[in-house]
């Protein structure tokens, strides 16, 4: 019924109960945003699409004196989400700009290569720290599978930090260059 991952993430958020678009975005920010994100600009059109397909219903409610629209999963929406959960997941395709840059590293000066890798390691460390800050929330609010995916993310970023640190060491040892056919294996 619903064919994009973001559409199914939204159904998944609603599987926990009625939510506003803002609450859905908040859940995504605290859970899947580091590997699959959705903006407000995509959430609301998807909610409208889901509503037109009968996957969700909505109602306007007053909460603390403010109007907000709450979306609720229908039986049809629950079935669509369940069927997606039982389906075989697509293999991931990684859009990783640093990997693309590495393909063309020979086109920049050796010292710029070192600088790029150093800056990237700093970004990776900061992002891993952000994931670590989610741990208390995951432990208190999440289930064991949500905690599992957080562990996966932390391990992925730990690997990337280690791999790029080895690359940085090689670049520094070789004045910003790499020997031919060099492989970095941990």
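Quick notes on this structure:
- Ordering 84, 152 by the number of other Cβ atoms within 10 Å of each residue's own Cβ, fewest first, gives 152, 84.
- Modelled label reach - residue 143, point 7 Å along Cα→Cβ, the stretch 7-27 residues with backbone N closer than 14 Å: 12-17
- Neighbour-count ranking [beta-carbon atoms within 10 angstrom, fewest first] of 120, 50: 120, 50
- Computed over the stretch 5-55, the ratio Rg/Rh where both radii use C-alpha atoms and Rh is Kirkwood: 0.92
- Estimated FRET transfer efficiency (residue 112, residue 169; beta-carbon r; R0 25 Å; 0.05): 0.90
- Taking all pairs of distinct alpha-carbon atoms in the stretch 97-173, Kirkwood radius in angstrom: 13.9
- Descending semi-axes in Å of the chain, equivalent ellipsoid built from Cα gyration tensor: 41, 17, 16
- Residue 156/residue 61 FRET efficiency (R0 41 Å; Cβ-Cβ; nearest 0.05): 0.60
- For the chain, the mean residue ellipticity at 222 nm estimated from helices alone is -20500 deg cm²/dmol, where every DSSP H run of n ≥ 4 contributes -39500 (n - 2.57) and the total is divided by all residues, rounded to the nearest 500.
- Which of 57, 4 has the fewest Cβ neighbours within 10 Å, and the rest in rising order: 4, 57
- Mean Cβ neighbour count within 10 Å, used as a protection proxy, ranking 107-117, 88-98 highest first: 107-117, 88-98
- Placing a label point 7 Å from the Cα of residue 85 along the Cα-to-Cβ line, no residue of the stretch 31-63 has its backbone N under 12 Å from it.
- 0 to 90° range, to nearest 10: angle between helix 75-86 axis and the chain longest Cα axis: 30
Computed from the coordinates by the stated procedures, all read-outs in this text should not be read as laboratory data. Given the structure is predicted, the values throughout are model-derived calculations rather than measurements. Note: ideal-geometry Cβ built from the backbone for every residue, glycine included; neighbour counts use all protein chains shown.
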